[in-house]
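Before any comments, here is the structure.
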Amino acid sequence: MSATVRALLRDDLRDFGGYKSARSEALTGSVWLNANESAWANPADAEGRLRRYPQPQPEALCARLAQLYGVAPAQLLVGRGSDEGIDLLVRAFCAPGRGRIVVAPPVFGMYAVCARLHGAAIVGVPLRDGDAGLCADLRAMGDAALGRAGEGQDASLLFLCSPGNPSGELLRLPDIAALAERLRGRCLVIVDEAYVEYADAPSATALLADHDNIAVLRTLSKAHALAAARVGCVLAAPALIEALRRCQAPYPLPQPVVEAALAALAPHALALTCSRMAAVREARARLADGLRASPGVKRVYPSAGNFLLARFADADAAFAALLAAGVVVRDMRAMPQLDDALRISVGSAEECRRVLAALGVARVEAAA
């Protein structure tokens, strides 16, 4: 176990072995009687493909994902979407009822949900709203992560979302590296890259070699169009991955999901995904131009994701008009700083036209 992981891991988990399932052992044989599985296939499973438990970390999928993300297999843990990665990080590195995390609201809500369910404190450093958009204040987040006199212990985890959800902000890798260096040995910096494919930008995985307190979250839910399959990864130093593996449920991915993910990562499927990322970036720009032409839109924020955050003169009326046109968008008004905002995913050309038409944009062909 590395010095960083040992220093930050919960004291009671440093020698924790986790659950060893029947598939955890590297055994070979032709008659498998070690997992109390059924001797017969279910009638709905004619080929008997579902009778056996899957591998805890499916070897072929892990190898393919490691290749995709440019890391070694030992630096990767696959699980049920990014959500499981977030939950594992909180459980492993925040002592129940005593841990602290740092977030930059408004941001993806699962960081705070997982912390609250675990009894960890949540320290919010609000995004700054300026000419460049809604931007994370990394210096202030670093200050918040470091326990100061009378303010308790250091935070265990600091969550960054890049591109930000819902802000759309893309963080610079040198800025992330500087923050991680400042917090080395005292706090893990988690970079959630659920939308990075839409940004056409380098991943924070490039920082892993020099910063053992950085972990990166990736998912197949967005760009790879597998949201219902629930496949996500944590990418980090091998010691950190091993610590999380000991906290994970024994069989996180069903076999049909593994097979679907492998098919989605085949060369021809990846090529199509890459072409679609370029199409989304073009459609995002056209949709942003169209929204800015809408009489009720006050501001459209720059975005590196597959969505746009917009402020409205009357967000209630805009939301109702979109619903009346059969268009469902995300109402952000309950989030801090966003009491007049809606988040709109970048859909197909026809879907974008429907958004603009519902908002009264005269020349909806601008979104074509």
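None of the figures in this text is laboratory data; all of them are computed from the coordinates on show. In this text, all values refer to a predicted model and were calculated from it rather than measured experimentally. Neighbour counts run over all protein chains shown; Cβ positions are idealised from the backbone, glycine included.
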Net charge within 12 Å of Leu179 by Cβ-Cβ distance, Lys/Arg positive one each and Asp/Glu negative one each, not counting Leu179 itself? +1
Quick check: the distance between the Cα centres of the stretch 94-140 and the stretch 287-311, to the nearest angstrom? 25
Please list 3J(HN,Hα) in residue order for the stretch 157-165, calculated via the Karplus relation 6.51 cos²θ - 1.76 cosθ + 1.60 where θ = phi - 60°; whole Hz, with x for glycine and proline. 9, 10, 9, 10, 10, 9, x, x, 10
Could you tell me how many cubic angstrom of Cα convex hull volume the chain has per residue? 162
Return the single residue from Gly81, Gly296, Gly99 with maximal mean-square fluctuation; model: Gaussian network over the chain, springs between Cα atoms under 10 Å. Gly296
Stokes-Einstein D (µm²/s) once Rh is taken as the Kirkwood radius of the stretch 269-367 over alpha-carbon pairs, at 37 °C in 0.692 mPa s: 241
Hey, in the GNM for the chain with a 10 angstrom Cα cutoff, which one of Ala74, Ala310, Ala334 fluctuates hardest? Ala334
Amide H contacts under 5 Å for Cys161, placed H, 5+ residues apart: Asp192
Mean-square fluctuation maximum in Gaussian network of the chain, Cα pairs under 10 Å, restricted to Leu342, Leu173, Leu50, hits Leu50
If amide H atoms are built 1.01 Å from N in the plane of the peptide, which residues on other chains or at least 5 residues away come under 5 Å of the amide H of Leu188? Leu157, Leu158
